[in-house]
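See below for the structure under consideration.
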């Protein structure tokens, strides 16, 4: 019974006390339509075949499970394997979900996709899916994220998407989601909202999880082939939480340590971070009940992270439930730790990670000093760092011509 509860929310989308569907009445028909369509097409042979073919021939799956020998040796600790989601087409795990939702929207007869994006990877993935399926596409992105992710903004436009810069509030992911939800409310008949993470109203948390769970299914087979056993520990960064749930989900019934790494920003005491489990409380936000950075009056607090994709005030409801179940533990890495790991992986392995993924690498570095050398860690390398090079250079005071 416990294992069933771990893997499946109830019929209303609740993971224990978390999740649910808290939206205006105008969006309820669209969510019910989406839930019915997803439940139908996830069992449809043609849909599954089409998605499987695109995963192989378009996304480039299965992605490798790479033994980072140099990093492991330099740290003097356990074997570190990297699940190479950075090698997916468009450069991150986001395409797994965005492409699947684009196919689903096409089957539903929708003509337009909208999405929010922080680091820009989900926006690029959604624009890619829209281009492939012949749908219109509009992306909402906070002005601060537009500034620090200029490369991805241009990529979205090249793919034919309209990019709307959101200048209200904190000018980051939270505000982009607000604008996308407003758009959907107005254009619900012909538009599908491609939620980019395991958050929002039901059925998004479970649907996005299912589309991303290919990561863990592959990693499980790959590590058994390489090492003839399961790993001792799994590590992934956690913004909304899709790449981490994607890795963890296939291992939930096993006795394996799993660690989600949030954005510690400039430190928890500074108040400038995005670590919901270190400084948040239960609340309702953007369609579901989850842990949220808020003050005593329920007002959403500002967040900070060097990585745009982790700079968000809440976290997926299933993460809260799995934390309560003690299946996953959560920690954080600061900006400085992430930047150090960004350079470390680049120099030791020739792999430039996304700043989001660098948070997970930072945790693997810490773990290396506490685990035996014959231990095995799998780190989900959720995305590549091309998009972050200019921002890191600016932080280091280096001018790129």
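All of the numbers you see were taken from the coordinates with simple rules; none came from a lab. If you're wondering where the values come from, they're calculated on a predicted model, not measured in any experiment. For neighbour counting, all protein chains shown are included, and Cβ atoms are generated from backbone atoms with ideal geometry for every residue, glycine included.
How do 315-328, 35-48 rank on mean C-beta neighbours within 10 Å, highest first?
The densest-packed peptide leads the list: 315-328, 35-48.
Under a GNM of the chain (C-alpha, springs under 10 Å), which listed residue has the highest mean-square fluctuation: 28, 156, 141?
The residue with the greatest mean-square fluctuation here is 28.
I need the semi-axes of the equivalent ellipsoid of the stretch 252-308: take the C-alpha gyration tensor, multiply each eigenvalue by 5, square-root it, list largest first in whole angstrom.
22, 17, 10
Rule-of-thumb check for the stretch 136-264: C-alpha Rg over 2.2 N^0.38 Å?
Against the empirical 2.2 N^0.38 Å value, I get 1.27 for the stretch 136-264.
Measuring from centroid to centroid over Cα atoms, what is the spacing of the stretch 325-364 and the stretch 104-167 in Å?
Each part reduced to its Cα centre gives a spacing of 26 Å.
Ranked highest first by average number of other Cβ atoms within 10 Å, how do 277-283, 170-176 line up?
Packing order, densest peptide first, comes out as 170-176, 277-283.
Relative contact order of the chain: what whole-number percent is it, with Cα pairs under 8 angstrom and at least 6 residues apart?
After rounding, I find 20 percent.
Would you mind computing, in nm to one decimal, how far apart the modelled labels at residue 284 and residue 26 are, each placed 7 Å from Cα along Cα→Cβ?
1.9
So what is the relative contact order of the stretch 1-129, in percent, for Cα pairs below 8 Å that sit 6 or more residues apart?
Value for the stretch 1-129: 16 percent.
In vacuum, with every alpha carbon of the chain counted as one equal point scatterer, what does the Debye formula give for log10 I(q)/I(0) at q = 0.07 Å⁻¹? Two decimals, please.
-0.28
If I stretch the segment between residue 374 and residue 394 completely, what's the gain in nm (0.36 nm per residue apart, minus their alpha carbon distance), one decimal?
Working it through step by step, the gained length comes to 3.3 nm.
Between residue 50 and residue 167, what FRET efficiency follows from the Cβ-Cβ distance if R0 is 41 Å, with the result rounded to 0.05?
Rounded to the nearest 0.05, the efficiency is 0.60.
How fast does the stretch 315-401 diffuse by Stokes-Einstein, in µm²/s, taking the Kirkwood radius from C-alpha pairs at 4 °C and 1.567 mPa s?
The calculation lands on 89 µm²/s.
Show that you can apply the helix-only estimate: for the chain, add -39,500 (n - 2.57) for every DSSP H stretch of four or more residues, divide by all residues, and state [θ] at 222 nm to the nearest 500.
That calculation yields -12500 deg cm²/dmol at 222 nm.
I want to verify a result. In a Gaussian network model of the chain, Cα cutoff 10 Å, which of these has the top mean-square fluctuation: 214, 379, 238?
Of 214, 379, 238, the most mobile in the Gaussian network model is 214.
For the chain, modelled as a GNM with alpha-carbon contacts under 10 angstrom, which of 362, 150, 333 fluctuates the most?
Sorting by GNM fluctuation, first place goes to 150.
Rounded to whole Å, give me the distance from the Cα center of the stretch 58-95 to that of the stretch 205-242.
12
Can you list the residues of the stretch 344-384 with backbone N under 16 Å from a point 7 Å past the Cα of residue 158, pointing along Cα to Cβ?
384, by backbone N distance to the label point.
Length gain on complete extension for the stretch residue 10 to residue 299, per 0.36 nm per residue less the alpha carbon to alpha carbon distance?
101.2 nm
Sort 299-308, 10-19 by packing, meaning the average of other beta carbons within 10 Å per residue, with the highest value first.
Most protected by this proxy first, the peptides run 299-308, 10-19.
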